[in-house]
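Accompanying notes for the structure given below.
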Amino acid sequence: MANITLKGRDFLKLLDFTPAEIGYLLDLAADLKAKKKAGIPHAVHQGKNVALIFEKTSTRTRCSFEVAARDLGMGVTYLDPSGSQIGRKESIADTARVLGSMFDGIEYRGFGQEIVETLAKYAPVPVWNGLTDEFHPTQILADFLTIREHFGTLKGKKLVYYGDARFNMGNSLMVGCAKMGLHFVACSPAAYKPNDELVAVCEKIASETGATIGFETDPIKAAKGADAIYTDVWVSMGEPVAVWEERVNALAPYQVNRAVMDAAGEGAIFLHCLPAYHDRNTAVGREMGERFGRDAMEVTDEVFESPASLVFQEAENRMHTIKAVMAATL
Ligand code: CP
Ligand code: NVA
């Protein structure tokens, strides 16, 4: 940990960080988690204030930033999807300079990656990406902390991502795996495969870290030898309701179910960034379940509730890893 400092840095995407820096954030998160569990205070940023901008809804990310900021001794202001002028009456560049004059750090969740990049360009304080259409980098830190806690290492582990591999989770997992030396496989229909340019960037990184980047359309073949099976919702925030039909039709064969977990074999874990449509106990799960005649979407309830599923440990780790990002960059 010793000679790495991230003070003053933005946290916009994992592509901006070296493997050593990502490893440092994971080590710091593990340390902060241990302190929290032991009741050891760690209010190392007493008196500072952070702004949290959410143009899309959130449970985990918002709560992680709020709890983590308070544990670090900081004040928090939450700007909800309708409660600010951002983008409508005030440009991102102007918002960045206003908030940057009052706060010590700014979190942003929203649409295009270029928005958070612009915010960071104009804000004189660190900006943290709380999810864009393209990337969800704090999620990957939590996923990797969970994998590391479970297997003791990241290097050489095989992670298979099922679903729409063109969006934030597929992209970010591929970058994260390339950086940290994991074997990444995207498993989806050919039309939903990862972006060629990003694949090329990740393959180059992988050639230096020992990682591999693969693509497979057969869900059972893809699972062979996997250490971690990962999936995400089929329709992401900000996408029109109209895409549900196309997604359900295309991705139904890519549901993570018992056959996939059996193919992965004993010892494989199941991860999901959450929220998940694993039953009909949500408004959307019920509505879409009835419409398409399904009890679950991207993962069966059986897998979600199985001992292989580490999704709640993973969710808890959002807080510890987000705390590490703030602690390190402020
Ligand atoms: N995984 C995740 O980002 O969850 P929220 O949308 O609840 O923040
Ligand atoms: N792909 C999902 C991730 C949610 C954490 C979305 O963008 O809605």
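The values are calculated or read from the model by the stated rules, or taken from the named source; none is laboratory data. These numbers come from a predicted model, not from an experiment. All Cβ positions, even for glycine, are placed from backbone atoms using ideal geometry, and neighbour counts span all protein chains on display. Note: areas computed on protein heavy atoms with side chains; ligands, DNA, RNA excluded. Shrake-Rupley method; radii C 1.70, N 1.55, O 1.52, S 1.80 Å.
Looking at this structure, is A264 open to solvent by less than 70 Å² (accessible area, probe 1.4 Å) and under 20 Å from the mean Cα position of the chain (by Cα)?
no
Pull out all pairs, ordered by first then second residue, where Cβ-Cβ is under 8 Å, the residues are six or more apart or on different chains, the first lies in region 207-225 and is under 17 Å from A252 (Cβ atoms), and the second is open to solvent by 60 Å² or more (accessible area, probe 1.4 Å).
Pairs that qualify, where the first residue is under 17 Å from A252 (Cβ atoms) and the partner is open to solvent by 60 Å² or more (accessible area, probe 1.4 Å), are T217/A190; P219/P253.
Find the helices (runs of 4 or more DSSP H) located wholly in region 58-169 whose residues include 3 or more that are under 28 Å from G181 (Cα atoms), and list them.
60-71, 113-122, 137-151
Within region 280-298, how many residues turn out to be touching a residue at least 24 places away in the same chain (Cβ under 8 Å) and open to solvent by 20 Å² or more (accessible area, probe 1.4 Å)?
3
What residue, of T153, T146, is at pLDDT 95 or above, open to solvent by 10 Å² or more (accessible area, probe 1.4 Å) and among the hydroxyl-bearing types (S, T, Y)?
The unique qualifying residue is T153.
Return yes when K35 is surrounded by 14 or more Cβ atoms within 10 Å (Cβ to Cβ) and of a type outside the set (G, A, S) and no when it is not.
Judged against the criteria, K35 is a match.
From F144, F151, grab the single residue that is over 28 Å from A96 (Cβ atoms) and more than 16 Å from ligand 2 (Cβ to nearest atom).
F151
Tell me the helices (runs of 4 or more DSSP H) entirely within region 235-330 that contain at least 1 residues that are aromatic (F, W, Y).
Passing ranges, in order: 243-251, 283-292, 301-304, 311-329.
If I ask for residues that are under 20 Å from the mean Cα position of the chain (by Cα) and open to solvent by less than 20 Å² (accessible area, probe 1.4 Å), which ones from region 67-118 would you list?
Residues satisfying the conditions are A68, A69, G105, I106, E107, Y108, R109, G110, G112, Q113, V116.
Among the candidates A268, A276, A327, single out the residue that is away from ligand 2 (no atom under 16 Å from the Cβ), without any contact (Cβ under 8 Å) to a residue 60 or more places away in the chain and small (G, A, S).
A268
Tell me which residues, restricted to region 202-226, are in a loop (DSSP other than H, G, I, E, B) and open to solvent by 30 Å² or more (accessible area, probe 1.4 Å).
G210, T217, D218, K224, G225
Look through A68, A43 and report the one residue that is of a type in the set (G, A, S) and either in contact with a His (Cβ under 7 Å, 6 or more places away or on another chain) or over 21 Å from L131 (Cβ atoms) (or both).
Going through A68, A43 in turn, the sole match is A43.
State yes or no: is R9 farther than 14 Å from M326 by Cα, surrounded by 15 or more Cβ atoms within 10 Å (Cβ to Cβ) and of a type outside the set (D, E)?
Spelling it out, it is not the case that R9 is farther than 14 Å from M326 by Cα, surrounded by 15 or more Cβ atoms within 10 Å (Cβ to Cβ) and of a type outside the set (D, E).
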